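Data block below; observations after.
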Amino acid sequence: MPVTRGYAYLTGQALGWDYKVDGINGTGYLKPGSDKARTYLGRIRALATDSGMQVVVLQGGLNDESQSLRQLPDAASTAVDLLRAKYPEAAIVMLGPGGAILPAGVNLSAVDSMLQLVAKRKGLAYVSPLSSAWITPDNYSSVIDVAAAHHPSTSGHAYLARRTAAALRALQ
């Protein structure tokens with residue numbers, strides 16, 4: 001599947017936004033991505049400042065499920081602070097993890113709760129695919145491709161884009 005068919009790209013298209021996607025496979029607030037170099041903090045620091053940015057969707061948490069979560073609230077809070085400094089006019093929305101494996105584990109639920117608390121403390125909207133049950137036993141096989149390391153299938157990306165776009169529209 002071409003990367004541009006991923007749900008972040010499809011969400012931007014569905015909303016009619018001029019959008020940019022900065023995603024590296026495996027990255028988390030605490031976990032470096034497939035480039036083995038940077039977590040969200042390092043990636044945010046490397047982003048160019050854009051005074052025209054209107055909305056930033058900070059999505060994540062799933063890749064941090066297997067990390068020691070003690071530092072997660074501080075890392076997420078710092079990520080928000082860095083984004084606010086780079087994009088002072090932009091609304092920031094935090095989008096939490098979804099369940100790639102059902103039932104969601106205790107650690108993933110803890111990640112979601114911690115990120116939701118950070119969003120509340122920072123005065124941000126928080127969208128929780130996990131607590132909103134975007135992925136359920138009924139739709140799991142059409143959303144998640146187990147053979148692809150439990151990543152969304154092509155139809156799963158389209159579904160997640162529809163759900164994300166609807167959630168973002170509801171916040172406007």
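Computed from the coordinates by the stated procedures, all read-outs in this text should not be read as laboratory data. Every value quoted in this text rests on a predicted model; they were computed, and no experiment measured them. With ideal geometry, Cβ positions are generated from the backbone for all residues, glycine too; neighbour counts draw on all protein chains shown.
Assorted remarks:
- Peptide ranges 24-32, 66-74 listed from the most packed, as the mean C-beta count within 10 angstrom indicates: 24-32, 66-74
- Within the listed set A161, A147, A79, the Gaussian network model of the chain (springs between alpha-carbon atoms below 10 Å) gives the highest mean-square fluctuation for A147.
- Sites V21 and R84, calculated FRET efficiency, Cβ-Cβ separation with R0 22 Å, nearest 0.05: 0.65
- Computed on the Cα atoms alone, the convex hull of the range 3-171 gives a volume of 112 cubic angstrom per residue.
- Computed about the Cα centre, the dipole magnitude for the range 3-171 is approximately 260 debye when only Lys and Arg (+1) and Asp and Glu (-1) carry charge, each at its Cβ.
- Modelled FRET efficiency - R0 25 Å, S66 with D138, Cβ distances, 0.05 increments: 0.40
- Neighbourhood net charge (14 Å Cβ-Cβ; Lys/Arg +1, Asp/Glu -1) for T4: +1
- Using Cβ point charges alone (K and R +1, D and E -1), the dipole size of the range 1-92 about the Cα centre works out to roughly 220 debye.
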